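Report on the following structure.
The values are calculated or read from the model by the stated rules, or taken from the named source; none is laboratory data. Everything numeric in this text was worked out from a predicted model, so none of it was measured. Cβ coordinates were reconstructed from backbone atoms using ideal geometry, including for glycine residues, and neighbour counts include every protein chain displayed.
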Amino acid sequence: MVRVSSDQEIEDLARGMVLLGTGGGGDPYVGALYVQSEVQAGRYPELICADAISDDAFVLSVFGIGAPSAILEGLVSRRTLMEIVDKAQTHFGRKIDALVSGEIGGVNTLFPLGLGAALNIPILDADGMGRAFPHVEMTTFSIFGCPSTPAIMMDEAGNSIILETINDQTAETLSRSMSAALGAMIWGAFYPMSGRQVKDTAIHGTVTHAWEIGRRIREARLSSDNVVDTLTGYLNEDGKRLAAVLFKGKVTDVAREIRNGWDFALITIEGVGDNKQTCTIELQNEFIIARIEGKPACLVPDMICVVQSDSGEPLTGEMLTYGQRISVIGYQAHPMLRHPESIAVCGPRQFGVDEDFKPIEELMGR
C-alpha cells in the first residue's frame, strides 16, 4: 500500500498523469485541488496493487465524460461524485471494495484518488488504458471482456440515468449525447467488475509510473539536468518500451473547436534554428497523430506527449498556446494496446484518420 499524503506527492502525480494523458484526461490543477482538499481534511488516498484484493471484490470505475475544457468552468463536485457512488451501491446491492481509474489523465485519475480518500476505500494502481482515450469503449476492460454497463451517469444539477446497453459502442454514443445535452461534462460510474476481472484486464502499475515520471521531472529541474533527456531516459529505462523526442519547435497555430462534446484541435509547430520542418498534431480530446512534413511520426494508440522544452512540464491539449517552445515525445503504448483486438477499437481509423497503425519504432526506422 502507498499513501498519498503531501502536496508535493500530489503535484508529482499530477505532472506524470498529464504526460501519460497524451493531451487529454482533464486539467491537472482541477484534479489536484480535489485531492488536496481531502488530504487537508485528514483523508488520504491509499494505492494498492490489484493482487491485494480478492477475486470476488467489487470494483468500479468513476470518471468524467465530455470536453476537458468544460471542467475548468465547474471544477470537480465532491457532492456529485458521492451521490453517484451511493446510487451505484444501491443499484448493485453491494459496497464498493476498490476504485480503479478508467484512464490516466490529469483529472480522470486524480479525482478517483480523492473519491477513494473520501470513501475510505483503496484505489488500484492500475487503469484501463495506460494513457487517455476519448471513448468509453476504448479500454482494455472492454476490449478483453468486461462491459462498461450497467452504469450510473449524473450531472452536477442532479440529473441522473441508469444506462444498460447491448455493447460499449452504444454506451459511448448514449453517454456522449447526454454529455453534449448537459453542458459538455457529466460524471459516471462504469465498468462494474470483480477483482479477478480487474487483474486480468487492467494495465497495472500505471499510477505509480505517473508518480515516478513527475518525481523525475521535478528532480531533474532541481539538479539543472536536461529535463527532457532525463525524462526520455527514464521512459526507456526498462528497455521494454521506446520513448524518443520526435520534434522540437515553437507553437505557431492552434485551431480549436468543441464538437459533439469533444475537444478538437490542430496544433502547428515550426522548427527553430536550423530546423525548417513543420510538425502538426491532431487532437480529439487526446493527441491522435503527429506528422512531420506531412508524414506520420506517431499514431494512436502509441502515445504523443508534449512538454515544455526548457522545464519538461507536460502539457494538455488545452494548455497549448501560440509561441510556446515545446518538445514532442513519442512513447510506445503498453503491449495490451497493440493487440489486433485493441487496434480495431482504438487505432487511428477509429478517429477518422486515413492511416493504418504503424508502431513508432517502425516509423523511426528502429
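Miscellaneous remarks
- With respect to the conditions (1) at pLDDT 95 or above; (2) of a type in the set (D, E, K, R); (3) within 16 Å of the chain's Cα centre (by Cα), Glu46 lacks only one, and its number is (3).
- Residue, surrounded by the most Cβ atoms within 10 Å (Cβ to Cβ), within the stretch 49-73, restricted to residues that are under 10 Å from Ala184 (Cβ atoms) and either modelled with pLDDT of 95 or more or not hydrophobic (A, V, I, L, M, F, W, C) (or both): Pro68
- The residue of the stretch 115-136 that is nearest to Ile48 (Cα to Cα), among those that are at pLDDT below 95 and of a type outside the set (A, V, I, L, M), is Phe133.
- Failed condition for Gly365, given (1) in a loop (DSSP other than H, G, I, E, B); (2) out of contact with any strand residue (DSSP E or B) (no Cβ under 6 Å at 6 or more places or on another chain); (3) at pLDDT 95 or above: (3)
- Each residue in the stretch 199-239 was checked for being closer than 30 Å to Val59 by Cα and touching a residue at least 60 places away in the same chain (Cβ under 8 Å), and 17 pass.
- Number of the exception - Ala126 against (1) in a loop (DSSP other than H, G, I, E, B); (2) in contact with a helix residue (DSSP H, G or I) (Cβ under 6 Å, 6 or more places away or on another chain): (1)
- Counting the residues of the stretch 146-171 that are touching a strand residue (DSSP E or B) at 6+ places or on another chain (Cβ under 9 Å), part of a loop (DSSP other than H, G, I, E, B) and within 26 Å of Ala344 (Cα to Cα) gives 7.
- Restricting attention to the stretch 317-355, the residues that are closer than 18 Å to Glu286 by Cα and not in a helix (DSSP H, G or I) add up to 16.
- Leading residue by the ranking (modelled with the lowest pLDDT) among those in the stretch 172-196 that are in a helix (DSSP H, G or I) and closer than 20 Å to Phe144 by Cβ: Glu172
- Any hit, the stretch 263-284, residues being under 26 Å from Ile343 (Cα atoms), touching a residue at least 12 places away in the same chain (Cβ under 8 Å) and outside any strand (DSSP E or B): no
- Considered as a group, the residues in the stretch 129-145 that are assigned to a loop (DSSP other than H, G, I, E, B) and in contact with a strand residue (DSSP E or B) (Cβ under 8 Å, 6 or more places away or on another chain) include one that is surrounded by the fewest Cβ atoms within 10 Å (Cβ to Cβ), and that residue is Pro134.
- Taking residues in the stretch 5-19 that are over 20 Å from Ile304 (Cα atoms), and partners anywhere that are β-branched (Val, Ile, Thr), the pairs with Cβ atoms closer than 6 Å and at least 6 places apart or on different chains are Ile10/Val35.
- Leading residue by the ranking (farthest from Ala181 (Cα to Cα)) among those in the stretch 266-278 that are of a type in the set (A, V, I, L, M, F, W, C) and at pLDDT 95 or above: Ile269
- Test: residue in the stretch 181-188 that is surrounded by fewer than 17 Cβ atoms within 10 Å (Cβ to Cβ) and closer than 30 Å to Asp97 by Cβ: no
- Qualifying residue in the stretch 29-40 (condition: at pLDDT 95 or above, aliphatic (A, V, I, L, M) and more than 19 Å from the chain's Cα centre (by Cα)): yes
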